[in-house]
Ligand code: SF4
């Protein structure tokens, strides 16, 4: 299995580099808000909603904690579930102000599992959102499992079929070294967007068809 995983990473590296790697020191609050907006929303609409929000408000918890819900909603209208997301963003901003003095960076001093648990205690923050913040803002060793990562990893035979979030995350992590987690996460997403699409995977064109157990070449 490790050779299979290694081969997949080699092929992905060859076919998708150079990717624009996200800086690891991005602001955790901004990453958190962007990830909440992205829930059940396309990348394009997430980007538009985040842009609207960041143009209207300074992206600080103290600002969003005091913003009018209706104004946050207006910015998020392009994203799905915008009413609910607006409430979560205001609520979470208030908690971050009160509990963390407006700065989530204090979480980074905690051991990994504790920092993850602390983030998941915030409203609207599940394992994926917590993992995105931990990986992208703090460079912590975790592989967030979004819909692309889950589908592609399963089709490639890297993780058990129908595994839950933790099974998929831990299975993937066991196959790669922590320094590669960010790369693996981003490359699997790139593969899912370009070739391994949910409804009609483009197996004939996919660079991984030589090693993929789920390829359909007809
Ligand atoms: S060969 Fe097909 S199923 Fe396998 S990873 Fe590529 S697109 Fe997905």
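Quick look at the values:
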| quantity | calculated |
| --- | --- |
| Per-region count, region 162-174, residues within 16 Å of the ligand (Cβ to nearest atom) and either over 24 Å from residue 116 (Cα atoms) or buried (at least 21 other Cβ atoms within 10 Å of the Cβ) (or both) | 1 |
| Selection status of residue 153, in the same structural domain as residue 7 (by TED's automatic domain parsing) and at pLDDT 95 or above | yes |
| Options 152, 184, 159: the member that is in contact (Cβ under 8 Å) with a residue 12 or more places away in the chain, within 21 Å of residue 133 (Cβ to Cβ) and either crowded, with 16+ Cβ neighbours inside 10 Å or within 13 Å of the ligand (Cβ to nearest atom) (or both) | 184 |
| Residue check for residue 196: in contact (Cβ under 8 Å) with a residue 24 or more places away in the chain, surrounded by 14 or more Cβ atoms within 10 Å (Cβ to Cβ) and within 8 Å of the ligand (Cβ to nearest atom) | yes |
| Residue in region 202-216 that is under 22 Å from residue 14 (Cα atoms), more than 13 Å from the ligand (Cβ to nearest atom) and buried (at least 19 other Cβ atoms within 10 Å of the Cβ) present | no |
| Some residue of region 13-27 being surrounded by fewer than 14 Cβ atoms within 10 Å (Cβ to Cβ), more than 17 Å from the chain's Cα centre (by Cα) and modelled with pLDDT of 95 or more | no |
| Selection status of residue 60, free of Cβ contacts under 8 Å to residues at least 60 places away in the same chain, buried (at least 20 other Cβ atoms within 10 Å of the Cβ) and more than 14 Å from residue 129 (Cβ to Cβ) | no |
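The values are calculated or read from the model by the stated rules, or taken from the named source; none is laboratory data. Small disclaimer: the values here were computed from a predicted structure and weren't measured. Virtual Cβ from ideal backbone geometry, glycine too; neighbours counted across all protein chains shown.
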